[in-house]
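**Student:** I have a structure here, written as structure tokens, and I will follow up with some questions on it.
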Amino acid sequence: MSQPPQADIIAALSSSSSSRTRPPTQPYSSFSDPVTSLVNHTSTPTNVRAIHCPRSECASTILSPGAAIWVTFSEPVLPDDSAAPFPQPRLVQIQQLTSKEKSDSSEKGEKIVEKTQYGFWKVSSPYDFDNIGYSRPDTSEKAQARGGPGGEGKVKWLICAECDLGPLGWSFEGGKEAWVSADRVRYRGEIK
Ligand SMILES: [Zn+2]
């Protein structure tokens, strides 16, 4: 292995400083088992990987690892616009078995009880985001009517701070918390 000429090293350094480097990112759909791959299964289930804008050419960092908590809701919550460049909402399977149910089902040979839910990243404060944009309060939508959490104020949609793509999630006017749809963002790194 020969060393690259010094001129090449200087050229590489100057080009990386003039244009933002975009890290490799993967869509939610590329994970065969997103709950296992993306959630840190400790006492607080947080995001293992950094979360990025869904537009791979933008890839703005939205959340650093550990900044958001995994939650599930029974509805996809976000409005579905067929013109938007988002994948179909994807259900995750969550096994809901108590020990009694488990022994009953093994005795009777019943099927395992599974609950299908949609995954979201709950963010406690606007300061927990690396980069995020907010829409103006939306008077037309009530996210709580779609299976998401209730909120007193009007809905404010989350959008990418750099390219304005959205909605990626929602918050409530006057509230600190925000929710990012897990299937509308990309994740740092290669699939192992
Ligand atoms: Zn973006």
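**Student:** Between L91 and K176, what is 0.36 nm times their sequence separation minus the Cα-Cα distance? Round to one decimal in nm.
**Tutor:** Working: separation 85, 0.36 × 85 = 30.60 nm, distance 2.65 nm.
Between L91 and K176, full extension yields 27.9 nm more.
**Student:** Points 7 angstrom from Cα along the Cβ direction at S64 and D81: gap in nanometres?
**Tutor:** Those two pseudo-labels are separated by 3.2 nm.
**Student:** Follow-up. Assign unit charges at the C-beta atoms only (+1 for Lys and Arg, -1 for Asp and Glu), then state the dipole size of the range 150-190 relative to its Cα centre in Debye, rounded to the nearest 20. Mind dumping the intermediate values first?
**Tutor:** On the way: 6 positive and 7 negative charges, 5 e Å.
The dipole of the range 150-190 has a size of about 20 debye.
**Student:** Let me ask you something else. Distance in nm between label sites at S74 and T21, each 7 Å beyond Cα in the beta-carbon direction?
**Tutor:** Simple spin-label model gives 4.7 nm for this pair.
**Student:** How far apart, in nanometres, would the label points at S125 and S43 be if each is projected 7 angstrom from Cα along the Cα-to-Cβ direction?
**Tutor:** 2.0 nm
**Student:** While we're here: Give, in nm to one decimal, the length gained when the segment between S140 and K154 is fully stretched (0.36 nm per residue of separation minus the Cα-Cα distance). Before the final figure, lay out each step's value.
**Tutor:** On the way: separation 14, 0.36 × 14 = 5.04 nm, distance 0.87 nm.
Contour length minus Cα-Cα distance gives 4.2 nm.
Since every read-out is calculated from the coordinates, none of them should be taken as a lab result. Not measured: the values here are computed from a predicted model. Here Cβ is always computed from backbone atoms with ideal geometry, including for glycine, and neighbour counts include all displayed protein chains.
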